[in-house]
Every structure is written in C-alpha cells, then in structure tokens.
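Just so it is clear, none of the values below were taken in a lab; they were calculated from the coordinates. No experiment lies behind these values; they were computed from the predicted model shown. For neighbour counting, all protein chains shown are included, and Cβ atoms are generated from backbone atoms with ideal geometry for every residue, glycine included.
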C-alpha cells in the first residue's frame, strides 16, 4: 500500500511545533485533577512535557538497545498525559501501541506480548488491580500524576522523570511513510488484530475529514471515548494537532454530566448507546407525549428545545455525530426535532474511520451519507459487500501478512464485511445505506435469510431496551434477546411484559413474514466488557451472545409466549 504524499506541515509532529511557536501561551488542554479542580496546559507546556519524556525515552532506548521503531504502549483513560506520551514516543523515533482502559488481563498480556512492547505507560485507570496481572514480568512502566496510587508508588513517575530530564531540542520529525501506531481492534469476534497506520495516513485522513467536518481553532471537544479507539484518535488527537482546537477531558462516569457542562463542546461525537441514554434521560423527566405537545407550540417549542440542549450541555454544539455502530433512524429523527441533527459516520480501524458521513445541513437520515472526498467505493456484485479504497487505508496487520491479504483485495480495496446499498437518485443520491454484516446473515429452518441489524434498530427504540440481538439460525423464526436498562429492570414485571409485547407486535407488523420474531427474551443482567458480551466501544459480541443464550432458544420458543425471561 503506497502512502499518500502530504505537506510536511500537515504531519503530526510538525503541527505541534507550529503551535509551539505560533501560540505558546494559548490554553489548549483542560485536565480535571480531582475535587472539581482543573489543570490547564498551554501549547508551550504540551511541547515541553512531550520533549522531556521524549529525551528520557531516547536515553532508555540507547541504554537498552531498542531498535528504531520499537513499540511503546499506553494503558490509560483519556487525559493530557496520554497525548503527551504519544507525542513523546513519536519524537523519540518509536511507535505507539494504545490499549483500551477496560481490557481483561489476558488481552493486555496478549497485546503487549504480540506487539513486543518495550515499555508501558500506566495511566488513569479504574480497574488497575484486575489489569495488573496482564503486564509481563520485567516490563518497564511509567506512571502519570493521575495514575492509581500503587502504580505511582511502584513505577517511575512522570513528574519525577520530567523534573530531572532536559527537554529534547530541535524539531525531530517522522516521515509520512513511517509507521506511527499499531491500533489493536477491539473486535466482535476473535483475538485483537494490530492495525498499522502511518503518519501520512493520519494526515490525509484529517485533510479529507475537514472538508466534511467543520472543525477549527475556535472549537471545543470533550475527550471521553477511549483514545485507543480510532475515531477518538483521529478526530480528537489528530484533529487537535491540525486545527489547534481546545480539548477538555472527562473526569469520570459519575461526573460526565458536569464535564459536558464544563466543556460545552461545539463539536460532539458519541456512540449510539450514549445518544440513546441522553434520549431516555429526557423522556424520564418529560414523557414523549407531553414533549411532542410542547414542541408543537410556536414560541414555547423553541424555549423547550433550548432548555433540553442546555441541560445536556449541547446547546453550543454546531456539529454532532454518531458512529462505531448503526444509529437507529428513529433516534436520529428524535434529535432532529430538538434542533440537533446528528451526522452519522461510518468507518473502521482499517481505514482510520474515514469512509462515509452524512453532509451537514442535509437530511440524509437512513444512510451514512456519501463517501469522503478522495474515497473510492464499490459493491461486490455477488455478496453486496461494500469495498473501499483511499490513502487512509492501513499498511496492514502487524506480523499477520496472511490476514492482511485476506482483508485487502489484490487490487488494494478493503473488504469492510458490511452489506450496503448505494442510492442512485433522489435526495440520497450517492449515499450508502448499511444493511448488515455479510457474515451476520443467518438462515432459518424454512431456508430464508434474515439480516438482524435492521430488526435490532427497531427493537432498540423502546427505552426499556438498552441493547439487543436478533438470532435464530435453523429455527423456524428469529428470536430477539434484549438487555434491559437499569430503570426497566427495576419495574414491575407484569407491566413491563405487557409494554414490550405491544412493542414486539408493532415491530413484527413492519417485517416480512420470515423476519418476524417468535419471542423476545429479556435479561436484567448487564452486558459488559468484563463478561465479554460487548466490546470497549459498546458493540455487542454476537458470537458470545450465541454462546451463552443459544442453547436456550428452542426452550424459549416452546413456551409459546411473546415475552420470556432469560434470567
């Protein structure tokens, strides 16, 4: 895969040096440090912190004989030091390996071993005690000022290192064709794969992305989705470096609402699950029927919209986006009635999340919009799979050339694994609609194929349902499995069953006969990263759901009830 040519000024480190010189005193990062306190960092401080750690890493590399491009890992929730670490790794001539801050110890060990990491930054973490066994014995570690106390006691400390290490001088740069990072995919099946991306790929992705996403120096973003995820990495980290915008960090789940109010982001990206929680929070205080009535009043409707968005911390948001999983159409329409249209994006780790996004100002609901500028798209004539090609494609999978060859076609196109349709006329001309995963299709005992994703979108629009899966290979009809929201799980079961039975009937009425669900199984047991039922980006792991609930499907159907309980 050839690497795109980019102006040197557009590459990550060169962007940092530009802000260091042109705007040294401007506050660019706002970091919570506990007890409601916030620490601000200027561009000069960002550069100095990064330079001091880079000098330390170069010294370690010389002493321990690290090879050029050696891998250095980061295990932390989002914080200013995460970004400093990444910049320092690049300045020192190495390659960063980010890890999700919610991984199980076995996965941590697998990634650190597979990447041959030479050092690990241990940062802000909630479950460090459980993760610690995954760190290989003898691997050097460095802690942050916001790391768990025992990590700060056990490992070399960021502040101590920076206090005694002079900053790296000059402007060390990395070429566009050099490997910048290895992003291990969370994956809904199988072991994580190490996706390799270059500095040039990131630079091209940002250049193309900014043609569609209105992001500039005056904007603010709240960084809370894991920086180990490709969207946060590209949009927040590389968007920050390119545009010079201000980045706020969230302190914790408990303070998230206050963090949003503090940041009042002008650009906000989230996964469907959080957008759904926002909706459910509003509906809990203002029932939908009453909300519809108020929004229909000429003057009061505008006041209500502004009040709701202000309560969410999104009253100054001029660009909202969703992605990482399909956005239900009804959810998109609901936010549009509040005056906050959500642009739905589509992409993968393998293409730096840069494939499609809806166009701001246009109602392209029901699609993921047209491809970004410079992205080529085609559909497989047999399977209907969406395939794409752009200068933002990965270099390949780290140490897995066979898997790389399976994922990229001989002529350099990426197999996305997603089935799609592309409109050729009307308001959605050129827009893609993702209809499901090629491998998610299953066949009933009647020989009919079922695509689960569109059915799941409809099921999930009831506020009692937080996540769901449609399954049932070799059964006469599909079956739905739904995880209840905490509020729904606490409700009276009889009333909840009656409500969801009516919802199931309404969903079935809009489906083809072979798609209609025999029953809906409810569970109050949360689907979490720890029990393996969801990924760190809140995608449901279908294979794990089938593994746990599959043996019980026939029994549920035999009960001949529309609503059954999985617990």
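Results, tabulated for the structure shown:
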read-out: Three-way shape call for segment 446-567 based on the alpha-carbon gyration tensor, with the a/c threshold at 1.5; value: rounded
read-out: Average Cα contact separation per residue, segment 442-565, under 8 Å, 6 or more apart, as relative contact order %; value: 24 percent
read-out: Three-way shape call for segment 10-103 based on the alpha-carbon gyration tensor, with the a/c threshold at 1.5; value: oblate
read-out: Residues 197, 56 arranged by fewest to most Cβ contacts within 10 Å; value: 56, 197
read-out: Segment 43-151 shape via C-alpha gyration tensor axes, a/c threshold 1.5; value: oblate
read-out: Length released on extending from residue 495 to residue 510, taking residue separation times 0.36 nm less the Cα-Cα span; value: 3.0 nm
read-out: Relative packing of peptides 216-225, 129-138, 278-287 - highest average C-beta neighbours within 10 Å first; value: 216-225, 278-287, 129-138
read-out: Per-peptide average of other Cβ atoms within 10 Å, ordering 450-456, 19-25 highest first; value: 450-456, 19-25
read-out: Order by protection proxy (mean Cβ within 10 Å, highest first), peptides 63-70, 538-545; value: 538-545, 63-70
read-out: Taking segment 26-87 and dividing mean pair separation by its residue count, relative contact order in percent (alpha carbons under 8 Å, at least six apart); value: 32 percent
read-out: Computed over the chain: relative contact order in percent, which uses C-alpha pairs under 8 Å that are six or more apart; value: 11 percent
read-out: Share antiparallel - DSSP beta bridges, the chain, percent rounded to 5; value: 50 percent
read-out: Order of 346, 372 - criterion: other Cβ atoms within 10 Å of each residue's Cβ, fewest first; value: 372, 346
read-out: Between segment 44-90 and segment 373-439, the Cα center-to-center distance that results, in Å; value: 35 Å
read-out: Helix-derived mean residue ellipticity, 222 nm - over the chain, DSSP H n ≥ 4, -39500 (n - 2.57), to 500; value: -9500 deg cm²/dmol
read-out: Fully extended contour minus Cα-Cα distance, from residue 153 to residue 137, at 0.36 nm per residue; value: 4.1 nm
read-out: Cα centroid of segment 208-242 to Cα centroid of segment 467-543, whole Å; value: 34 Å
read-out: Exposure proxy ranking, count of Cβ atoms within 10 Å, fewest first, for 317, 431; value: 317, 431
read-out: Kirkwood Rh in Å, taken over all unlike Cα pairs in the chain; value: 24.9 Å
